[in-house]
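Working notes, beginning with the structure itself.
The values are calculated or read from the model by the stated rules, or taken from the named source; none is laboratory data. All values reported here derive from a predicted model rather than from experimental measurement. As a convention, Cβ positions derive from the backbone with ideal geometry for all residues, glycine included, and neighbour counts pool all protein chains shown.
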Amino acid sequence: MNKFDDILKDPACSFDTPADVLAADEFSKSQKIEILRRWDDDARLLLTAQSEGMKQGKSSAEALTEIQAALAELGAEVGDT
């Protein structure tokens, strides 16, 4: 398995912020979008868990806002995916 595949499993473990994905020179624009979309999916799942009483560190709502801003910067469609 390559580094990209490993990152897709859990982008939040590989990058501190969505801006770090944008700054990663080793990935193409489409790979960055894929990483951010996977991170977006994970953040949405965490947001659901948080709304049901589970607590995590950083707010998933805040993470979603940052992820969507990064996707928009790459020219990707942003919204409820």
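Quick notes on this one:
- Filtered residues of segment 11-23 (kept if in contact with a helix residue (DSSP H, G or I) (Cβ under 7 Å, 6 or more places away or on another chain) and not in a helix (DSSP H, G or I)): F15, T17
This table checks each residue for (1) touching a Pro at 6+ places or on another chain (Cβ under 9 Å); (2) outside any loop (DSSP other than H, G, I, E, B); (3) modelled with pLDDT of 85 or more.
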residue	(1), (2), (3)
I33	no, yes, yes
L36	yes, yes, yes
D41	no, yes, yes
L46	no, yes, no
Q50	no, yes, no
K58	no, no, no
A72	no, yes, yes
A76	no, no, yes
D80	no, no, no
